[in-house]
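K.L.:
Right, I'll just put the structure down here and ask away after.
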Number of protein chains: 4
Amino acid sequence: MPIPAPNLYPPFNIIRLSHVDFGVKDLAASKAFYVDTLGLQITDEDEQTVYLRAMEERGHHCMVLHKSEESHVKSLSYKVFDEEQLDKAQAWFAAKGHKTEWVERPYQGRTLATHDHLGMPMEFYFKMDRLEPIHQKYALYKGVKPLRIDHFNCFVPDVDAAVGFYNEIGFRVTEYTEDDESNRLWAAWTHRKGGVHDIAFTNGTGPRLHHTAFWVPTPMNIIDLLDLMATTGYVSNIERGPGRHGISNAFFLYILDPDGHRIEIYCSDYQTVDPDLEAIKWDLKDPQRQTLWGAAAPRSWFEHGSVFEGLDPAPSTLGASPIIAP
Amino acid sequence: MPIPAPNLYPPFNIIRLSHVDFGVKDLAASKAFYVDTLGLQITDEDEQTVYLRAMEERGHHCMVLHKSEESHVKSLSYKVFDEEQLDKAQAWFAAKGHKTEWVERPYQGRTLATHDHLGMPMEFYFKMDRLEPIHQKYALYKGVKPLRIDHFNCFVPDVDAAVGFYNEIGFRVTEYTEDDESNRLWAAWTHRKGGVHDIAFTNGTGPRLHHTAFWVPTPMNIIDLLDLMATTGYVSNIERGPGRHGISNAFFLYILDPDGHRIEIYCSDYQTVDPDLEAIKWDLKDPQRQTLWGAAAPRSWFEHGSVFEGLDPAPSTLGASPIIAP
Amino acid sequence: MPIPAPNLYPPFNIIRLSHVDFGVKDLAASKAFYVDTLGLQITDEDEQTVYLRAMEERGHHCMVLHKSEESHVKSLSYKVFDEEQLDKAQAWFAAKGHKTEWVERPYQGRTLATHDHLGMPMEFYFKMDRLEPIHQKYALYKGVKPLRIDHFNCFVPDVDAAVGFYNEIGFRVTEYTEDDESNRLWAAWTHRKGGVHDIAFTNGTGPRLHHTAFWVPTPMNIIDLLDLMATTGYVSNIERGPGRHGISNAFFLYILDPDGHRIEIYCSDYQTVDPDLEAIKWDLKDPQRQTLWGAAAPRSWFEHGSVFEGLDPAPSTLGASPIIAP
Amino acid sequence: MPIPAPNLYPPFNIIRLSHVDFGVKDLAASKAFYVDTLGLQITDEDEQTVYLRAMEERGHHCMVLHKSEESHVKSLSYKVFDEEQLDKAQAWFAAKGHKTEWVERPYQGRTLATHDHLGMPMEFYFKMDRLEPIHQKYALYKGVKPLRIDHFNCFVPDVDAAVGFYNEIGFRVTEYTEDDESNRLWAAWTHRKGGVHDIAFTNGTGPRLHHTAFWVPTPMNIIDLLDLMATTGYVSNIERGPGRHGISNAFFLYILDPDGHRIEIYCSDYQTVDPDLEAIKWDLKDPQRQTLWGAAAPRSWFEHGSVFEGLDPAPSTLGASPIIAP
Ligand SMILES: [Ca+2]
Ligand SMILES: [Fe+2]
Ligand SMILES: [Fe+2]
Ligand SMILES: [Fe+2]
Ligand SMILES: [Fe+2]
């Protein structure tokens, strides 16, 4: 099944992914991880909640941590172009028969809570409190020097269906992996903001969040994070990498937070603003697809993910399997 | 005079800057500079013309070199979203009373030649030959490993007027320098593609092209280029840098090609896709504006530029002056 | 068994390791690997032999490739301080009952061929042709930008015995791995030139050469080499890494040449010139010993090595085993 | 006047430069600079004195700060190979008629205080308290991540005389600058520990300390320091750089501490352990001598230095002058 033609005039204008809301069991442990180790900045906190931003972001938060009985994901959020687009989004989801609700979110204007074709929670807003720039306050930089949230990656049981849905609302495919036997998609990368992806889909039991990625300046910062984690009690939180992805050509590292939420540290993909950008196809059996340098990903990388609050994942409908480390 | 509110729904949709067309006196010397030293890739050439692209670009060219009696700039080109936008562009310029012409450009579809409010030649197209990706052909990388064209910077005699014109067609200001006494703009950075700029304007005798910038992976590549130029006969082509800009926060180097066309090597600015991004204001007398680390730019940087073919520049209407190296 | 006290006044003064002489089956394939890919410079060649140096070396060669029926190592060579030290070396080895011979080696002065306690071939010289500096000829740099040969690592069946022998001739231990149960050494790093090692010993079937290491400027150069090898047909020659060693704290990559000779690319260890430097002890079962970031080395890394010409290796006398990747 | 042949068997064995002792007027300001900004580690302190070490050093201190009425240098210290060498040093200096004294220095064993041919204070010791390694405690790294003290550079009124004296005690010249007209040395770099220098000499009013240098991992750390200093109130403490030296090929930055003591941040020179290393000659008028990339040093760099306590400097006896920035 080929990837669909991009929808260049979607029903409403999503600018970019915006933030993730995690349920975490131990707020202090999460702060030690995200603030002291990764280097995100706290923009607000109380006993139940921590708001974080990365160094070049001026919106109030790219991550919200909620103290929770369970480790889970509460929602994935997106910023739309303006208020008009927000109303168009509500109309579109409602017309599709998806539940829509206007919800209150601190530091945000009107916020639409809805879900995708699988029930995966999506929130949209057009206005968030804007903060003072800190990207030139170099004394604040630490850890991996995270600059901005870059993308989400989700396990879904049917990648073709996910690409179909997200393509309809304007996410354009940049790269994809096809299973040669079934001609079905095994994974796909789709973007709104002009990089390789705002959200990607990986075949597997889903919907579950596979990872959330942060953009950092250079591979050297990823090496610095590895040295720091390895010598501050986080060596077992290092799951995969460092390496260069075949897909996206980005330099990467995957780590696990104290709740098992997977974080990717990511840099140096490429610009994709051209509407006629040709998607790049990869073969599922190509070992350089996942790591250009040939190293296979560990089994956990294909199996472990974060559930969405109150949402039971379903097994994949596609049996094909990539190369997994022994 | 404050900067204008961004025009979020411009009359036609420009995606990004696309390419520059230089008149050069010695094609062999220019090739030695751009191909052997900087590392751009030749996509076509004959005795009169060389077409070049950078490593992650799939469009046929980001730079065209034409053998010429004079060293000058023939045009600055932009890619629009689709063919409909091209016709809208033509209508808009024509309605403004600007001369418009459909011209033939090799490897491009229908191309509109027109000019801005100062007569500076602008060309628009929606379709260019697409080439095989080479961004993972690492054996081809050399020199500074240029990834893509990033922006133009032009001398103009009235920066407020330039910002007014370009803002009308959707270029949004990200940072600007104001002269505190006159409250006039001394410089401004404006973008379409989601970085700090596609085109910037600097106060001075104009219109003239101040520089064309290429994006590279990391500051280390800029250090590599300096080492290479310094030991292959190009030491006097190094004009300014390396350094970190206050404005844009980017790491930079300015060099001069054999015709004196100024090239900036540039990396690590920030993402600007939010339509409500607040422009950052700088004071003309702030020494960290031009170089965060304090070093003043040399006089040549404020005075030397490339003329546009057949276009006489006019002196600036603003007397204010930045800090210049002694 | 503790490591011995360093012999600060050894019988003769070895300055540093100097070069390795490999027997290779396909000289063209070896040149493609060492010259075109790694970036070593040819200093002389004919149909049977290639001489190579790294970028900051002024001695004529750090590696000699001899066309050969077999893939093997012909000798490991060391530079002594002056001619007097060479004669002292000969006297010392002869007194020990080791076979010594004055041999002709192109581009070298008088050269002593002898062997260590296991028969491993060692050659000593004090004078080699000195070449023009090329470390500032940046146009010559390519591949991983190798600066200099850094060290040898050998499999030996009894590390305690090897340390005993090499300590006697002045190699000082900087770090070592002990098997806690037997209190025997599992590995040791010993130096002459003021870095972590000129030669290291690893428990295993030996004597065999485990690897030869080259020093490069920064981890970024190792990433560049990985990208290049991964896209020029060498992906399966990448064996282990990149990573940070616990021992030595160096950033590393292990690759295999066309004959299976293992090469380490290495940077950023530390200065060890103090004669009272305390050796650092590691536990064999510490997973961060081999890779600070926790990744285990593959089985091949513990088993594969290069034989010395005409020398049959013997199995290890120590049963203890490190952590091996599944 | 040619440089002298190296004295390969000097009267006593100096291992390396060890530490500098600065008189500083404001201990809190110095700590903010050296500890919070540069990233040196405090190993002991009281109200009058601060002891500092760099990240890979195991000796107790590489810098001592003494609260003082004046900004000056109290001494430059060197480590000798063992106690026997210390006594040989005393005998040698005494025989030369130089004042020698055994002094008490905290954390050091027997310490010889003496002076060079110009009265410049030199101290020698063989034993200093050894501390736990911290080079893998990555949570402690900050600022420029200083790894070790690398070298001193001194203004002297007669460089030929200084090279003559230091050559006698085993310092070997690696590079030098000659004034073509007088055939006299304008500058020279001399080493003991196997890098480009432990101490260098620059023509000028002297003896005065020109700078003390620290070795850092990569040029990226120097860029990080520039960003940090530029945004924490130290922009005017940045004097020169970043750049690549022609001489030594090292990447450098010069900054001034609160007392005006000049610090160089330095990385990536080359190995010089070969006793037959040929010194590299540079012409005083070669602009790439000081900066490979062509930028001239500012006048302050040629004129400003730190006086030694109680020692009046004398003007240079050589009139020749290098290229100075306008
Ligand atoms: Ca060294
Ligand atoms: Fe990802
Ligand atoms: Fe620019
Ligand atoms: Fe090694
Ligand atoms: Fe220096």
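None of the figures in this text is laboratory data; all of them are computed from the coordinates on show. Bear in mind the structure is a predicted one, so any value in this text is a computation, not a measurement. Because the Cβ atoms are built from the backbone with ideal geometry, glycine has one as well, and the counts that use them run over all protein chains shown.
K.L.:
Taking neighbour Cβ counts within 10 Å as the exposure measure, how do C:Val235, C:Val216 sort from fewest upward?
P.N.:
Exposure proxy ranking, most exposed first: C:Val235, C:Val216.
K.L.:
Work out from phi, with θ = phi - 60° and the Karplus expression 6.51 cos²θ - 1.76 cosθ + 1.60, the ³J(HN,Hα) of each residue of segment A:260-265, listed in order in whole Hz, and give x for Gly and Pro.
P.N.:
Computed from phi, the couplings for segment A:260-265 are x, 5, 8, 10, 9, 9 Hz.
K.L.:
Output the pairs from A:Lys142/D:Lys142; B:Lys96/B:Lys193; C:Lys281/D:Lys137; C:Lys31/C:Lys145 with a Cα-Cα distance over 18 Å in this structure; if there are none, say none.
P.N.:
Over 18 Å Cα-Cα: B:Lys96/B:Lys193.
K.L.:
In whole angstrom, and with the biggest value first, how far do the Cα coordinates of segment A:1-65 range along each principal axis?
P.N.:
So the extents along the principal axes, rounded to whole Å, are 46, 29, 20.
K.L.:
Compute the projected area of the convex hull of the Cα atoms of chain B, averaged over all viewing directions, and report it in nm² to one decimal place. It would help to have the intermediate numbers written out before the result.
P.N.:
Numbers: hull surface 62.9 nm².
Orientation-averaged projected area of the Cα hull: 15.7 nm².
K.L.:
Counting other beta carbons within 10 Å of each residue's own, what order do B:Asp257, B:Asp276 fall into, fewest first? Write down the numbers at each step before the final one.
P.N.:
Details: B:Asp257 23, B:Asp276 16.
By the 10 Å Cβ count, ascending: B:Asp276, B:Asp257.
K.L.:
To continue, here is another question. At q = 0.04, 0.07 Å⁻¹, what is the log10 ratio I(q)/I(0) for the protein assembly as shown, with the Debye formula run over Cα points and no solvent?
P.N.:
Debye intensities relative to I(0), on a log10 scale: -0.24, -0.76.
K.L.:
With each label point set 7 Å from Cα along the Cα-Cβ vector, what nm distance links D:His117 and A:Lys137?
P.N.:
5.6 nm
K.L.:
At 7 angstrom along the Cα-to-beta-carbon line, where would the label on B:Lys285 sit relative to the other copies? Give the distances in nm, shortest first.
P.N.:
4.3, 7.0, 7.2
K.L.:
Along its principal axes, what span do the Cα atoms of segment D:143-307 show, with the longest given first and each in whole Å?
P.N.:
Computed over segment D:143-307, the largest-to-smallest principal extents equal 44, 31, 29 Å.
K.L.:
Kindly give the distances from B:Gln48 to its copy-mates, label point to label point, with each label point 7 Å from Cα along Cα→Cβ, as nm values to one decimal ordered shortest first.
P.N.:
The projected label point of B:Gln48 is separated from its counterparts by 5.9, 7.4, 8.4 nm.
K.L.:
Fewest first, what order do C:Asp26, C:Asp224, D:Asp116 take by the number of other Cβ atoms within 10 Å? Numbers along the way, then the final one.
P.N.:
Numbers: C:Asp26 14, C:Asp224 24, D:Asp116 21.
Listing C:Asp26, C:Asp224, D:Asp116 from fewest to most nearby Cβ atoms yields C:Asp26, D:Asp116, C:Asp224.
K.L.:
What distance in nm separates the two pseudo spin-label positions at C:Lys285 and D:Lys285, each 7 Å out from Cα along the beta-carbon direction?
P.N.:
Each label point lies 7 Å from its Cα, and together they span 7.2 nm.
K.L.:
Okay, moving on. Quick one: with label points 7 Å out along Cα→Cβ, list the inter-copy distances for D:Asp180 in nm, shortest first?
P.N.:
Label-point separations across copies, in nm and ascending: 4.9, 6.6, 6.8.
K.L.:
Efficiency by 1/(1 + (r/R0)^6): what FRET value for A:Ala296 and D:Glu181, r their Cβ-Cβ distance, R0 = 56 Å, to the nearest 0.05?
P.N.:
Values: r = 66 Å, r/R0 = 1.19.
With a Förster radius of 56 Å, E is 0.25.
K.L.:
Going 7 Å from the Cα of B:Asp36 toward and past its Cβ, which residues in segment B:238-274 have a backbone nitrogen under 14 Å from where you end up?
P.N.:
Only B:258 fall inside the zone, counting backbone N under 14 Å.
K.L.:
Give the chain C residue with the shortest beta-carbon distance to the rotation axis relating chain C to chain A, plus that distance as a whole number of Å.
P.N.:
With distances in whole Å, chain C gives C:Pro326, 3.
K.L.:
Right, here's the next one. Above 26 Å lies some portion of the pair distances; for segment A:14-139, what is it as a whole percent of all C-alpha pairs?
P.N.:
Value for segment A:14-139: 25 percent of Cα pairs lie more than 26 Å apart.
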